[in-house]
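One structure is given below, encoded as structure tokens.
A short reminder: the numbers here are calculations on the coordinates, not readings from a lab. The structure presented is a predicted model; accordingly, all values stated were derived computationally and were not measured. Note that each Cβ is placed from the backbone with ideal geometry, even for glycine, and that neighbours are counted across all protein chains shown.
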Amino acid sequence: MNKYLLPVIAIVIGVIIGFITKKQKSKGTKLLLSFSGAFLLALTLFDLLPEVYHHLEAKQTGLLIMCGVLLQIILEFLSKGIEHGHDQLHKENKEFPWVLFISLCIHSFLEGFPIHQHNDMVYGILIHKIPIAALITTYLFQSSYSKVQVIGFLLIFMVMTPLGTYMSNNTVLVNEYIDFVNAIVIGIFLHIATTILFETGEGHKFNLSKLVVICFGVFIANLI
Ligand SMILES: [Zn+2]
Ligand SMILES: [Zn+2]
């Protein structure tokens with residue numbers, strides 16, 4: 001049950017944080033992003049990567065991971081990185097942000113696939129989704145979209161990950177190709193985690209709190 005519930009809880013927590021802070025570039029959000037990036041990256045390397053390499057051929061795995069990286073580059077190009085803290089506000093625009101919405105939904109749907117009983121990926125996704133949901137919420141509430149649009153956006157976005165998990169755990173067709181999808185998701189995670197880690201710093205200045213938070217993220221991932 002947790003594998004369906006935790007990603008939803010993450011969005012709820014994120015929406016509450018976004019609602020309270022109402023500020024995109026607070027130091028807290030940045031540290032939370034750094035932590036989530038490091039934690040997700042570590043869990044991907046500890047749990048998901050060995051699992052996929054175990055089931056698939058090495059070269060094939062590598063190729064699929066690269067496809068995932070490429071897919072995430074395209075998705076971030078479409079979303080303009082709003083989910084990890086780039087504010088692209090066009091206040092006058094009242095039309096529903098379809099491109100952003102669809103790109104975020106594809107990402108969320110796919111990241112539901114590697115969640116199953118035998119690994120701890122659900123915790124990585126839980127932590128990864130909190131700052132993302134907070135940033136999307138701030139973005140949506142600063143825009144001039146109607147309440148119905150905002151709530152609809154968040155609700156559908158919220159169910160995409162459990163939907164992916166359900167598909168990967170319950171359909172025969174997907175079951176045969178699950179390792180292929182998981183390899184692509186590894187690429188997605190590698191790209192988003194490293195992008196977040198890179199972008200939460202200013203230039204390449206030394207940042208002690210960021211470094212501490214990253215080590216903490218890896219340490220916690222190592223414990224579970
Ligand atoms: Zn970015
Ligand atoms: Zn994600």
Burial ranking of peptide ranges 138-151, 28-41 (average Cβ count within 10 Å, highest at the top): 28-41, 138-151
Net +/- balance of residues flanking Ala42 in space, Cβ distance below 15 Å, scoring K and R +1, D and E -1: -3
Taking the convex hull of Cα positions in region 45-156, its mean projected area over all directions (nm²): 7.6 nm²
Net charge over other residues, Cβ less than 14 angstrom from the Cβ of Met158 (K, R count +1; D, E count -1): -1
Size of electric dipole in the chain: Cβ of Lys, Arg +1 and of Asp, Glu -1, about Cα centre, debye, nearest 20: 880 debye
Gain upon complete extension [Leu211, Asn170; 0.36 nm per residue less C-alpha separation]: 10.8 nm
Of Lys147/Lys205; Lys59/Lys210; Lys147/Lys210; Lys3/Lys30; Lys94/Lys205, pairs whose Cα-Cα distance is over 30 Å: Lys147/Lys205; Lys59/Lys210; Lys147/Lys210; Lys94/Lys205
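Send over the semi-axes of the chain's equivalent ellipsoid, whole angstrom and largest first, taken as the square roots of 5 times the C-alpha gyration tensor eigenvalues. Before the final figure, lay out the partial values.
Numbers: eigenvalues 144, 90, 51 Å².
Rounded to whole Å, the semi-axes are 27, 21, 16.
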Residue exposure sequence - Cys67, Cys215, Cys105 - by fewest surrounding Cβ within 10 Å: Cys215, Cys67, Cys105
GNM top mover of Val213, Val172, Val15 - the chain, alpha-carbon springs below 10 Å: Val172
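Taking the beta-carbon count within 10 Å as an exposure proxy, list His84, His204 from fewest neighbours to most.
Neighbour counts put them in this order, fewest first: His204, His84.
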Mean projected area (nm²) of the alpha-carbon convex hull when region 32-110 is viewed from all directions: 6.3 nm²
Kirkwood-based shape ratio for region 152-195, expressed as Rg/Rh from alpha carbons: 1.07
FRET E, pair Phe96, Ile16, Förster distance 35 Å, beta-carbon r, rounded to 0.05: 0.90
Sites matching GluC sites (Glu not before Pro) across region 147-217 that sit in DSSP coil, with at most 16 neighbouring C-beta atoms within 10 Å: Glu202
